[in-house]
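Take a look at the structure set out below.
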Amino acid sequence: MLPDLIIVLLVSFALALSVYAIRQGGEYGHDVRDAVLMLLVLSGLVTALGTSIFSLNRQ
């Protein structure tokens, strides 16, 4: 279970870093709409992955 938790934490950190990068890009006038859409898709996938990992460990 610990390796699964480490994976989820690393991916969560990567998502938080992506949000920071998108904010910085937006402040300098870059078009970040595609990056925001990709971030939403990736966060949905991470949520599904985390849910499946933790539900499999409970069985």
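The values are calculated or read from the model by the stated rules, or taken from the named source; none is laboratory data. Computed from a predicted model, the values in this text were never measured in an experiment. We place every Cβ from the backbone using ideal geometry, glycine too, and count neighbours over all the protein chains shown.
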Within segment 4-27, considering residues that are over 10 Å from the mean Cα position of the chain (by Cα) and under 15 Å from T51 (Cα atoms), the one surrounded by the fewest Cβ atoms within 10 Å (Cβ to Cβ): I6
Assess whether S12 counts as being polar (S, T, N, Q) and modelled with pLDDT under 80. no
Please determine whether any residue of segment 25-36 is of a type in the set (S, T, Y), out of contact with any Ser or Thr (no Cβ under 9 Å at 6 or more places or on another chain) and in a helix (DSSP H, G or I). no
